[in-house]
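Let me begin by presenting the structure, written as structure tokens, before commenting on it.
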Amino acid sequence: MRQEYKETPTAQDLKDMNTRISALRERAKKSKIEAKESFETQMKAVEDQYELIVAKMNQVSTKATKAGDEVKGGISTAWMNLKSSFDRASKYLH
């Protein structure tokens, strides 16, 4: 049975991602994206997933260990989804 790689972001990872999201938004403002509507849809997904992961991280800090372990699994999934969405949105500017 193959074990899926789990990655839990640190506070620094979240700060870095927020900086990357802001930089991507700025690049988009300067760029003439032909598919602006699609880009905006991707960026909305990135920002929504960022907010979700921040909320989950806040839950971990307030939950007991057992519940925290369950939330950590959700954080790992949300983090991987966030990075994937960010990568998709970034492709619009390349």
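Rule-based calculations on the coordinates, nothing more; no lab input. This one's a predicted model, so the numbers in the text were calculated from it and none came from an experiment. Neighbour counts run over all protein chains shown; Cβ positions are idealised from the backbone, glycine included.
Details
- Neighbours of Asp13, meaning other residues whose beta-carbon lies under 10 angstrom from its beta-carbon, give a summed charge of 0 when Lys and Arg score +1 and Asp and Glu score -1.
- In nm, spacing of pseudo-spin labels at Ser38 and Leu93 (7 Å Cα→C-beta vector): 1.8
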